[in-house]
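Visitor: Before I ask anything, let me first share the structure, which is written out below as structure tokens.
The values are calculated or read from the model by the stated rules, or taken from the named source; none is laboratory data. Only a predicted model underlies this, so the values are computations on that prediction, with no experimental measurement involved. Backbone-built Cβ (ideal geometry, glycine too); neighbour counts: all protein chains shown.
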Amino acid sequence: MAIAETSLDAFTQLDLTKGQKQVLETIKTYGPITIEETANRLGKYPNHISGRFGELQEKDQIEVIGHTENQRGNTVRRYDTK
């Protein structure tokens with residue numbers, strides 16, 4: 001099966017950093033997921049990866065699909081791939 005020319009162009013133009021790729025793969029595998037859950041999966045602190053979520057939203061790769069409560073009772077966003 002051949003890949004459509006536009007799909008191939010879009011894929012090759014998607015230039016992601018290592019951190020963005022790690023976060024995106026985690027969201028693809030475990031989403032919908034929060035920033036805190038993603039950080040736990042990657043063995044990092046939430047503030048170390050939260051910027052990647054905004055960057056991936058700007059690149060139209062992920063979206064907020066709802067909200068949930070974390071362990072401290074705070075309302076947080078749940079993300080998934082588009």
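Visitor: Which helices (runs of 4 or more DSSP H) does the chain wholly contain that include 1 or more residues that are touching a strand residue (DSSP E or B) at 6+ places or on another chain (Cβ under 7 Å), modelled with pLDDT of 95 or more and of a type in the set (Phe, Trp, Tyr)? Break it down stepwise before answering.
Guide: Details: elements: 5-13, 18-30, 35-42, 46-58.
Per the criteria, 46-58.
Visitor: Go through region 71-82 and give me each residue that's exposed (fewer than 13 other Cβ atoms within 10 Å of the Cβ) and either touching a Leu at 6+ places or on another chain (Cβ under 7 Å) or farther than 19 Å from Thr29 by Cα (or both).
Guide: Residues satisfying the conditions are Gln71, Arg72, Gly73, Asn74, Thr75.
Visitor: Sticking with this structure for a sec: Tell me, which residue of region 50-67 that is over 13 Å from Thr38 (Cβ atoms) and of a type in the set (A, V, I, L, M) is surrounded by the most Cβ atoms within 10 Å (Cβ to Cβ)?
Guide: So, considering only residues that are over 13 Å from Thr38 (Cβ atoms) and of a type in the set (A, V, I, L, M), the one surrounded by the most Cβ atoms within 10 Å (Cβ to Cβ) is Ile65.
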